[in-house]
Amino acid sequence: MSKLIIAIPSKGRLQENTHDFFARAGLQVTQPGGARNYRGAIKGMKDVEIAFLSASEIARELAAGTVHFGITGLDLVHESIADPAGSVHIVTPLGFGGADVVTAVPKAWIDVESMADLGDVASDFRNRHGRRLRVATKYVNLTRSFFAAYGIADYRIVESAGATEGAPAAGTAELIVDITSTGSTLHANNLKILSDGVMLRSQAHLVASLSADWSETALAGARAILDQVAAEEAARIHKLVRAKVPDRKAALEAAAEEGVSELFEGVAGEVLTLLCPKAGVAACARKLIALGASRVTVETLDYVFGDENPLFAPLAVKVTAA
Ligand SMILES: Nc1ncnc2c1ncn2[C@@H]1O[C@H](COP(=O)(O)OP(=O)(O)OP(=O)(O)O)[C@@H](O)[C@H]1O
Ligand SMILES: O=P(O)(O)OC[C@H]1O[C@H](OP(=O)(O)OP(=O)(O)O)[C@H](O)[C@@H]1O
Ligand SMILES: [Mg+2]
């Protein structure tokens with residue numbers, strides 16, 4: 001039976017955070033063949049294999065079905081996969097690698113603030129110069145569909161592999177489409193983002209391939225991994241709240257308004273143990289005190305395992321139906 005293969009970034013911006021993400025979930029990625037070997041494992045999970053690839057290769061391998069899971073940016077999922085909804089399943093966002101894919105023009109173009117302005121300039125440009133406006137980018141597909149949505153057709157894409165922001169100053173393109181997070185590269189190159197020029201807000205995601213060989217072994221591996229990931233996620237967004245209250249039922253009703261769920265069955269007079277979303281903790285504590293608790297303690301959790309796994313269930317439905 002085929003093992004579960006997880007592709008993770010071997011270099012670049014997502015690598016370090018990916019490592020931290022696995023560590024948080026209590027999963028230790030090992031590279032038994034040494035740092036130059038592109039296959040690895042997860043300690044204690046013999047049916048799971050790690051493939052170290054670049055972020056853009058990971059998107060392509062997911063589409064091809066040669067890996068089951070991959071960690072990559074949403075920008076690459078949408079750029080490199082022709083039919084994302086049909087070929088991959090987004091398991092969960094990971095909270096790092098945030099960046100926007102944007103349309104940016106020279107700051108000197110004072111009359112161009114929006115995509116509509118750009119459309120006007122594009123037609124003018126063609127009439128005046130007898131050639132089309134050039135857009136430097138590596139996001140060829142995203143650019144085509146975004147520009148089409150604004151009815152802009154008078155342009156030509158100049159494929160750029162790197163240093164895209166330098167293209168206007170170098171005279172190889174008039175404007176660019178690229179990814180930005182701090183904005184400092186755009187600023188340094190005297191470029192500005194158009195007001196409605198953000199085509200995608202990206203971050204790193206855990207993504208599953210729908211065309212991979214989802215053998216029983218692979219599914220069991222996915223379940224084991226996602227149990228730990230979901231348990232860590234649930235722990236991160238909740239706090240454990242404890243209080244002794246005279247009227248257990250009234251306290252539970254009040255706490256429920258803060259999105260609290262009761263963790264363990266108990267009887268009146270015993271300590272009430274609640275799982276509370278972080279944002280509701282203070283309000284929940286106030287309510288419990290108003291209902292007679294003399295103290296409310298709040299604790300941080302490492303893991304919250306549940307009988308249902310919100311990450312695995314939707315994936316299982318898709319890959320077993322396929
Ligand atoms: N400021 C940023 N600039 C570019 N990408 C970012 C930024 N912040 C986060 N990312 C994310 O990191 C992903 C990978 O970027 P990285 O530079 O590591 O690889 P790459 O440039 O695609 O390299 P390769 O040529 O090896 O595929 C991007 O696709 C994007 O999802
Ligand atoms: O908004 P900023 O914080 O300035 O980041 C944007 C820059 O980061 C990326 O390049 P990267 O550093 O990943 O190098 P690369 O082009 O070789 O991938 C991207 O292509 C931009 O050039
Ligand atoms: Mg990069």
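Each value in this text was obtained by applying a stated rule to the coordinates, not by laboratory testing. As the structure is a prediction and not an experimental result, all values here were calculated from the model. So basically every Cβ, Gly included, is an ideal-geometry build from the backbone, and we count neighbours across all protein chains shown.
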Neighbourhood net charge (12 Å Cβ-Cβ; Lys/Arg +1, Asp/Glu -1) for Leu226: -3
Provide Arg242, Arg286 in ascending order of the number of other Cβ atoms located within 10 Å of each residue's Cβ, fewest first. Arg286, Arg242
Checking the a/c ratio against 1.5 first, then a/b against b/c, what shape does the Cα gyration tensor give for the range 99-201? rounded
Obtain the nm distance between the two label points defined at Asp247 and Glu216 by a simple spin-label model: each point lies 7 Å from its Cα along the Cα-to-C-beta direction. 5.4
What FRET efficiency do you get for Ser184 and Asn37 if R0 is 51 Å and r is their Cβ-Cβ distance, rounded to the nearest 0.05? 0.90
Over its alpha-carbon atoms, the range 238-299 yields an Rg and a Dmax in Å of 9.8, 27
What does the charge count around Ile193 come to, taking other residues whose C-beta lies under 14 Å from its C-beta (Lys +1, Arg +1, Asp -1, Glu -1)? -3
Enumerate the amide H contacts of Ile157 below 5 Å, restricted to partners 5 or more residues apart or on another chain; note that Pro and chain-start residues carry no placed amide H. Val135
If I stretch the segment between Ala290 and Glu16 completely, what's the gain in nm (0.36 nm per residue apart, minus their alpha carbon distance), one decimal? 94.1 nm
Neighbourhood charge, 12 Å Cβ-Cβ cut-off, centred on Leu27 and excluding it, Lys, Arg +1 and Asp, Glu -1: -1
Note, ³J(HN,Hα) from phi for the range 15-22, Karplus 6.51, -1.76, 1.60, rounded to Hz, x at Gly and Pro: 4, 5, 5, 5, 4, 4, 4, 5
The chain: translational diffusion in µm²/s, Stokes-Einstein, Kirkwood Rh over Cα pairs, 25 °C, 0.890 mPa s: 107
